[in-house]
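Each value in this text was obtained by applying a stated rule to the coordinates, not by laboratory testing. Every value quoted in this text rests on a predicted model; they were computed, and no experiment measured them. Don't worry about glycine lacking a Cβ; one is built from the backbone with ideal geometry, like all the others, and counts go over all protein chains shown.
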């Protein structure tokens, strides 16, 4: 009996200690209670300051002591049936998921990570009361495991046949927490742990914070979960799970980075520099030489435009998507990995190994609660961040199609099994692709050279072609740059990394620029002039230099440029910055060498518009001749008809294209016939 008496006073001491603490902490308790139902948030640090004994006990024996603390509050008569939630635990309790061992069992620990799966919220029995039919004693049984437990025996000696009189239910939900990718080193798989959340932590408003993809800090008690064997017994191996005491959503996007006053001062100072745009561009992949335009557009992508909701409820995205197509060895992947690391919630995926489900989201069987649960993929996890997709052209077409919705509507809709969900994916996409034949051919349209559907190419605001053309001056500079990089440890970022991130965060949090009239005029003039340029050959099919989608892109880039200057209005100079980049891109990609004009069809579709009009001309001629000459048409006749309009080579090329597309065939040499 000696032991029992020793523990008794200890418990009473703790109870008195807890009561004293609450008298000292009363004001905060009032605040907590006003906010929500009987839940009290306690700052662990102030508890430590007040009483060392109590805080030590909570860490080592959390369940019992927390129950005591709750009892202390209830006895003070303030509130009944209360829950205590802790926050601000000491750093020593933060453990990586991979380092959790059996010695941590039943201790209060803190784990950080990303939610990968969230099950549905379902009720669970926590406590059941039974009555003994022989002597009428009421026995309470705590239900901890999966299996519903009845009392083993009553004090009067009766075994079994107890009558269930009441059961207490709470809402529970299971989350799977996965380590954040930053904390991993080398080729480690991120480890996962199950977390059970119940009561007020699964309230609807809390549930928004526990959607797959959000970053979270879990404070809770590490428990073991018995694994039932197929034979019906229990395995000697146990699973680990955290029974959470509190969930704290962490900063997850630029919007929630902490910026101190000192940082703010530095940021405002930087923004006064007229060369700020250039300096930011210099800080992007300093180890890669050149590519000013591309680096500028990457900076714009980080800052992104403004997301708007129109009067009719239509949303237009603010994120800028960029596609880099280039010869091998022009540092595409370097740029992509750099961008993924500098952007918060940045993800880097490689085409061949990325599936549609891995990019968007998927529905998986939930073994625990026997249902289906959602698992988020890269684009959802990077909501309000950046996804870098390398080797886009090597992805499976079915998987690529999953990106369409994410890029334009910025949501991902899933209808599988019994899960219908729409997840937010406000993500900028930076993708890289290699041309089909290894190197780029400036005389062919972009669509012919990349294995990508025109619809997807069209979704990108800007497309850059990185070409590796020997050029003595340039090669010397690149060689010097690369060799110097290897000699010393590499160039520092022009603007240090931390400040760079905070600068972007500051701009994204505070600044929502609107277009000024001058900027509107500037963009309008550029758009209208480019679309209505006089064309040398007055054929029926005029090349379309630029479409309304590019107009949207111009606006987004101009807004991003204003954000860089931390200004709330888009000025002419911002519009010009955007136009410069757009011109550079169109000259590289959309320039049709034959008509000497810019032609959007070179980007989005298989034939440039001049080629297309020639194909139509030849086809029309064939139809005309058919009426005169019958089915078989000599090629000479076609050439005669089109003598002054087209050269022999052009006619041959058009005929070959028609043959490829099986519009016509050659029954014998020198003749063609329609299919």
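One table, with the values for the structure above:
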| item | result |
| --- | --- |
| Label zone at residue 165, where the point sits 7 Å out along the Cα-to-Cβ direction: segment 126-159 residues whose backbone N lies under 17 Å | 127-142, 150-158 |
| Calculated on alpha-carbon atoms, Rg and Dmax of segment 96-250 in Å | 18.8, 64 |
| Sequence-separation-based contact order of segment 261-511, relative, with Cα cut under 8 Å and 6+ spacing, percent | 26 percent |
| Ascending count of other beta-carbon atoms within 10 Å, so fewest first, for 156, 388, 132 | 156, 132, 388 |
| Relative contact order for segment 95-195, counting Cα pairs under 8 Å that sit 6 or more residues apart, in percent | 33 percent |
| Rg/Rg_ref, segment 99-153, where Rg_ref = 2.2 N^0.38 Å and atoms are Cα | 1.75 |
| Proxy reagent accessibility, fewest Cβ within 10 Å first, across 416, 223 | 416, 223 |
| Peptides 271-277, 654-660 ordered by average Cβ neighbours within 10 Å, highest first | 654-660, 271-277 |
| Neighbour-count ranking [beta-carbon atoms within 10 angstrom, fewest first] of 172, 337 | 337, 172 |
| Peptides 315-328, 10-23 ordered by average Cβ neighbours within 10 Å, highest first | 315-328, 10-23 |
